[in-house]
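The values are calculated or read from the model by the stated rules, or taken from the named source; none is laboratory data. All values reported here derive from a predicted model rather than from experimental measurement. Quick reminder, even Gly has a Cβ in these numbers, built from the backbone with ideal geometry, and neighbours come from all protein chains shown. SASA here: full protein model, heavy atoms, side chains in, ligands and nucleic acids out. Shrake-Rupley method; radii C 1.70, N 1.55, O 1.52, S 1.80 Å.
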Amino acid sequence: MNKYGSTGIGLLCLFSAACVNNIGEEYQPGNIPMTFSVKEISSTHTKVSGNSFDKEDEIGLFATFSDVDIDQDRYIDNLRLISNGNAELIPEREIFYPEGDAELDIMAYYPYDKGGIEAGSSCLQVSVQSNQSSAANLSASDFLMAQVEEVGGSEAPIELEFEHKLTKIEIALSVSEDEDIDDLLEADPYIIASGFKTRAQYNVLSDSFNGMEHVVDIVPYGKWEKKGGKLVGKEFIIIPQENDEDEQAFIMEWNGRLYTCPMPDIEMESNTVCEIDIHAFQATSSTLSTATANIKEWEYSTEAEGDTEYDLSTIRIASLSFKDSYVYRVYYENKPVAEVCKEYLLADDASLSSEAIVVYPVQNEEAELSQGIVLRVENEELPIHGGNIRWDEADNTFEYTEGKLAPVTQFYIDGSGAISLSKPSRPAHVNVKAHSLRDTRGGELQEYPIVKVGTQYWMREDLRATGYQEAIGGDLRKLTRLSGKSGYMVQGDTYFYPGETLLEGELAPYGWKIPDADDWDRLIAYIHRDASVIKGGVWKGISDTDAVFPVTNLTGLGLLPNGYYTVNDKEETKRMNYEITGGYWAGKKKGQTSLPTGAVFLMHSNNAINFGNNKVPSGKYYRALNIRCVKKND
C-alpha cells in the first residue's frame, strides 16, 4: 500500500518528535547522481501552459527511506528543482543515491515553497491566489503532487508523474430567449467567485486537506468566447472544500450592474474540473437565474443544480471592475446611500500619493465628501486601511487619518442606510450600479463613465455630442473643414469641436459643463502639475528615437493624444500632432460671451500642462479640439 495513503478530508496533521535529516550510519550518499524527468501531467490540466512545466518553474522534492515516513527522518529535505521547459528537472545542487541496496520513496510537489514541511510534520501549506486573472497567478494557484516508491540507484532519470490536487472551476454563461448572446459577449461581463477558502494544509500521508481558512473573493482567469450557444472561457482554481450555498456565490458585473448567483451544490474533488452553467438575463432583480453544474468525466461524473436566491447584502470590493465607471452608487430602497470611488489620493504635502478605494455616504443625491472611509490604499500591505478622509471642497485638499485594518474587502449597509465595515445583525439588501453620466438629448442615449479627481467629477471619456441642449441651432453640422462655422468633426469615434460651436449654444450634458480655466487650474493644482497622472492611451514621439515621458494615468482621467484640427497657410484643414499632443477646450465662464485665449495642451515630450493658442495661424477662427466635461458644483 502507498504509504502516502488516502483517507477522508479533515484529518489532523501528523507530528512527531523525530528530527529531520538525521540519517543513520547504515546508509551514506554514494556516487551515483540522482536525475529527474517529468511525465506528462495526468488528465485535464489546470496549469495555463498545459500538461507540462514552463521553463524555470520550481518544484520541491522530498525523499525518505522506504520504511520511514516523511514526518520522521528524511534523506532529502525540500530540494528545489528547476524545470528546463523540456521535461527535465534540474536540482539546485547535485545529490546522490545512498550507497548499497537502500531504496527511496520520492515525493515532489509544485509550486515550490521555501518553508516546505516542518520537522516532525507531514503537512504542506497550500494556497491559491485571490486574483487569478493573469496566466502567472493562475499557474501559481495550482498544486501538483508526484510520488514514486522504492527507487534504487540507477543511471536512468527518476520519472515523476504529477497529479492535480486542486479543483478547477470553469464558468459558462447562457442567456434566455429574450437575450442576445452577442450582446452579452460585447458587454464582456466581469465576474468573481466569493466565499471560498483559499488556504489549507495538505497532509501528504493521508492525502487530505485540513485547516481551511482565509475566505477571499477570487477573480477568474480567461476571456469570454462563444461556444455552443454559451459564453465560456473563465476559470479559477480552488482547494477542494465543502459546498456552502449560503456563503459561496458568483457576483457578476454586467453593463455596470451587479448580479449574484449562489454556488450550486457540487462535490469538489481533487484532479477534477467542474463546469458551472449560469443562466444570465437582465431583469429588475439583482439575482441571476438557476445555476447548474456538471463534472467533466475523469474518474466519475455528476450533476448538480442550485436555484437558491442569493441577496446582495455584502458589497465586495473585488466585484467592482471599475470598467464602466470609477464611481459606483449603492442603492437601498431605491435611493443612493453610498458612493464607492476608485480615485487618486495626493496629499497637499505629498505624504500620501496612491490610488485608493474610498466609500462616501450619499445624501440627497450628493456624496458627503467630508465623511469618506478609505477602504484600501492600493499596493499597501501594512494595516493602515479603513481610515477616514475629509475633503475641504473650497481648497480641494483633504485630511486623512490612517486606519488600523488590513485592506478592506467588503462593507455593508445597515437598516438605517449607513455604511458599516462590520456585518450588521440585519444587513440591508442593496443594488450596486456603476454611476455614469447619461446624456439623452436627441432621443438617443450617450453614456459616459465618471471619475473623481480631488473634489471634481469628470467625464472619463471625451464628449460625443451632435446637438445642443436647447433647441437653438438644433443638431450640429458635421464639418469636413474649418471655416469659422459651428459644428463638429469626427474621425472614428473621436469628436472635435471648433470654438465657434462652444459660443453658439450649451454643448455640455445637463448638470455638467465645459471646464473653464478655473476648473482646469483646480485640477492642475491638485495633481501638482504632473500631467502623467491624467494622461491615458498610447503617446508616441515625433520619431522613433524621440523621448516620450511616462504615462501613468493614476487618476483614471485618461486624457488622450488625439491631436487637433487646424489649417495651414493654404487654408487646408489638417489633423495635427495625432499621438503626440492632446488638445482640450477651456470653456467660457458663467456670464462671459467669449472663450479664454488659451486651450489646454498636453505634450509627449514633457509632463507639463500648458494653456496654448486655440486659434488657427491666421487668427480668423478657432481650431477644433476635444472636450472633457466636468460636473457643475453650483
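If you scan segment 549-570, which residues turn out to be of a type outside the set (S, T, N, Q) and without any contact (Cβ under 8 Å) to a residue 24 or more places away in the chain?
To start, the set of residues in segment 549-570 that are of a type outside the set (S, T, N, Q) comprises 549-551, 554, 556-561, 563-565, 567, 569-570.
Correct list: Val551, Gly563, Lys570.
Looking only at residues that are part of a strand (DSSP E or B), within 21 Å of Ala356 (Cβ to Cβ) and out of contact with any Gly (no Cβ under 7 Å at 6 or more places or on another chain) in segment 421-458, which one is most open to solvent (accessible area, probe 1.4 Å)?
So, considering only residues that are part of a strand (DSSP E or B), within 21 Å of Ala356 (Cβ to Cβ) and out of contact with any Gly (no Cβ under 7 Å at 6 or more places or on another chain), the one most open to solvent (accessible area, probe 1.4 Å) is Tyr457.
Taking the residues in segment 598-634 that are open to solvent by 50 Å² or more (accessible area, probe 1.4 Å), touching a residue at least 24 places away in the same chain (Cβ under 8 Å) and among the charged types (D, E, K, R) as candidates, determine which candidate is farthest from His435 (Cα to Cα).
Lys620
Among Ser174, Ser154, Ser206, which is in contact (Cβ under 8 Å) with a residue 24 or more places away in the chain and part of a strand (DSSP E or B)? Explain how you work it out, then say what you get.
On the way: Ser154 fails: part of a strand (DSSP E or B); Ser206 fails: part of a strand (DSSP E or B).
Just one listed residue meets the conditions, Ser174.
Within segment 494-547, work out how many residues are of a type in the set (A, V, I, L, M), over 30 Å from Thr466 (Cβ atoms) and either in contact with a Leu (Cβ under 7 Å, 6 or more places away or on another chain) or modelled with pLDDT under 95 (or both).
4
Looking only at residues in segment 465-481 that are closer than 21 Å to Thr566 by Cβ and either at pLDDT below 95 or part of a loop (DSSP other than H, G, I, E, B) (or both), which one is most open to solvent (accessible area, probe 1.4 Å)? Step through it out loud before you land on a result.
Start the filter on segment 465-481 by keeping residues that are closer than 21 Å to Thr566 by Cβ, which leaves 476-481.
In the following step, the residues that additionally are either at pLDDT below 95 or part of a loop (DSSP other than H, G, I, E, B) (or both) were identified as 476-477, 479-481.
Details: Leu476: 20, Arg477: 120, Leu479: 28, Thr480: 124, Arg481: 142 Å².
The qualifying residue most open to solvent (accessible area, probe 1.4 Å) is Arg481.
Within segment 405-414, track down each residue that is of a type in the set (A, V, I, L, M) and surrounded by 20 or more Cβ atoms within 10 Å (Cβ to Cβ). Spell out the reasoning first.
Initially, segment 405-414 is screened for residues of a type in the set (A, V, I, L, M), giving 405-406, 408, 413.
Matches in segment 405-414: Ile413 only.
Within segment 183-190, is there a residue that is part of a strand (DSSP E or B), at pLDDT 90 or above, hydroxyl-bearing (Ser, Thr, Tyr) and open to solvent by 10 Å² or more (accessible area, probe 1.4 Å)? Lay out the reasoning, then the answer.
The initial filter retains those residues of segment 183-190 that are part of a strand (DSSP E or B), namely 190.
Right, trim to at pLDDT 90 or above and you get 190.
Next, only the ones that are hydroxyl-bearing (Ser, Thr, Tyr) stay: 190.
Still in the list and also open to solvent by 10 Å² or more (accessible area, probe 1.4 Å): 190.
Within segment 183-190 (the criterion being part of a strand (DSSP E or B), at pLDDT 90 or above, hydroxyl-bearing (Ser, Thr, Tyr) and open to solvent by 10 Å² or more (accessible area, probe 1.4 Å)), the answer is yes, since at least one residue qualifies.
Residue by residue through segment 251-279, note down the ones that are in a loop (DSSP other than H, G, I, E, B), open to solvent by less than 10 Å² (accessible area, probe 1.4 Å) and in contact with a helix residue (DSSP H, G or I) (Cβ under 9 Å, 6 or more places away or on another chain).
None - no residue of segment 251-279 is in a loop (DSSP other than H, G, I, E, B), open to solvent by less than 10 Å² (accessible area, probe 1.4 Å) and in contact with a helix residue (DSSP H, G or I) (Cβ under 9 Å, 6 or more places away or on another chain), so the list stays empty.
Gly417 - would you say it is touching a residue at least 60 places away in the same chain (Cβ under 8 Å) and surrounded by 13 or more Cβ atoms within 10 Å (Cβ to Cβ)? Give the derivation first.
Values: touching a residue at least 60 places away in the same chain (Cβ under 8 Å): yes; surrounded by 13 or more Cβ atoms within 10 Å (Cβ to Cβ): yes.
Yes: the conditions hold for Gly417.
Of all strands (runs of 3 or more DSSP E) completely enclosed by segment 552-634, which ones contain at least 1 residues that are over 24 Å from Arg481 (Cβ atoms) and either in contact with a Cys (Cβ under 9 Å, 6 or more places away or on another chain) or of a type in the set (S, T, N, Q) (or both)? Full working, then the answer.
Working: elements: 564-567, 573-576, 581-584, 598-603, 609-613.
The qualifying strands (runs of 3 or more DSSP E) are 609-613.
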